Structures are given as C-alpha cells and as structure tokens.
Amino acid sequence: MKRINIALKDELHAQTKIISVLKNIPLTKYLEQCIEKGMQEDKKLMEKIKTLRKDMENEK
C-alpha cells in the first residue's frame, strides 16, 4: 500500500467527508472507491497505454 498526500479544496473535502459519514465508511475508504471507479471509467485509456508500451518493447 502506498500513502499519498493530496490537497483538496475545502468544499470538496467537506462533501466527501459528509458522504463517507452517511455511508458509514472512513474517508480514506470512500476516496479509494472514487479513485477505483475513475480508473474503471478510464480502463480503455489504460489498455491503450499497455498496447503502446508493448509496441515500444517489441521495437527494441
């Protein structure tokens, strides 16, 4: 597990904290879920990166 230090706007922090409390989960867990959801939405982009990386390795 990696730890990161990020800055959030006050309003965004307040909103995420409220949601995490309402869902009865820690803020860290809620933010992790949000990031995972975003990564799923960007899955095609990640696949493209993997393909490009593989093509670059094959050219060596």
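The values are calculated or read from the model by the stated rules, or taken from the named source; none is laboratory data. Nothing here was measured: the structure is a model prediction, and the numbers come from that model. Here Cβ is always computed from backbone atoms with ideal geometry, including for glycine, and neighbour counts include all displayed protein chains.
Please go through (1) loosely packed, with under 10 Cβ neighbours inside 10 Å; (2) of a type outside the set (Gly, Ala, Ser); (3) modelled with pLDDT of 95 or more for Met56 and return the number of the only condition it doesn't satisfy.
(3)
Take region 17-36 and flag every residue that is more than 18 Å from Lys2 (Cβ to Cβ) and surrounded by 10 or more Cβ atoms within 10 Å (Cβ to Cβ). Break it down stepwise before answering.
Let us first name the residues in region 17-36 that are more than 18 Å from Lys2 (Cβ to Cβ), namely 17-25.
Scanning region 17-36 gives Lys17, Ile18, Ile19, Ser20, Val21, Lys23, Ile25.
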